[in-house]
Amino acid sequence: MCRRIAEGTRWSKCGHFQRQMVVAIMDCNSNRCERSYLHAKSCKDPNCIKNFGPDVQKDMDTVNDECFQCRAAAARRLPS
């Protein structure tokens, strides 16, 4: 399946990636993937792959902290 090449921020303490932009599409060269240039436009097969695979993650910058979701989850776990 085709994949997007995404650039974004890596949160070093939790390891999560926050996508900022998609800079390119990596074609899988499969005639069974609707995202590929090799897929026939006239194809009506419902079993063809319709979605992109996992993003290829390129770190533009790294933040030495946890992402927003991890910080919010940690705050909810704190006793009141």
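The values are calculated or read from the model by the stated rules, or taken from the named source; none is laboratory data. Not measured: the values here are computed from a predicted model. Glycine gets a Cβ as well: all are built from the backbone with ideal geometry, and neighbour counts include every protein chain shown. Calculation scope for accessible area: heavy atoms of the full protein, side chains included, ligands and nucleic acids excluded. Shrake-Rupley method; radii C 1.70, N 1.55, O 1.52, S 1.80 Å.
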* Asked: Hey, among the residues in the range 1-15 that are under 11 Å from the mean Cα position of the chain (by Cα) and within 14 Å of Pro54 (Cα to Cα), which one's surrounded by the fewest Cβ atoms within 10 Å (Cβ to Cβ)?
  -> Ile5
* To do: Could you tell me whether any residue of the range 20-31 is touching a strand residue (DSSP E or B) at 6+ places or on another chain (Cβ under 7 Å), on the phi < 0 side of the Ramachandran plot, touching a residue at least 24 places away in the same chain (Cβ under 8 Å) and of a type outside the set (Val, Ile, Thr)?
  => yes
* Pairs, first closer than 16 Å to Ala6 by Cβ and of a type in the set (D, E, K, R) in the range 59-74, second at pLDDT 95 or above and surrounded by 12 or more Cβ atoms within 10 Å (Cβ to Cβ), C-beta under 6 Å, six or more apart -> Asp59/Arg10; Asp61/Thr9
* For Arg76, work out the one condition from (1) among the charged types (D, E, K, R); (2) assigned to a strand (DSSP E or B); (3) open to solvent by 90 Å² or more (accessible area, probe 1.4 Å) it doesn't fulfil. => (2)
* **Residue in the range 7-18 that is part of a loop (DSSP other than H, G, I, E, B) and at positive phi present** => yes
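Could you list, in sequence order, the residues of the range 21-70 that are of a type in the set (D, E, K, R), outside any strand (DSSP E or B) and open to solvent by less than 90 Å² (accessible area, probe 1.4 Å)? Spell out how you get there, then give the answer.
Of the residues in the range 21-70, the ones of a type in the set (D, E, K, R) are 27, 32, 34-35, 41, 44-45, 50, 55, 58-59, 61, 65-66.
Restricting the remaining residues to those that are outside any strand (DSSP E or B) gives 27, 32, 34-35, 41, 44-45, 50, 55, 65-66.
Across the range 21-70, the qualifying residues are Asp27, Glu34, Asp45, Asp55, Asp65, Glu66.
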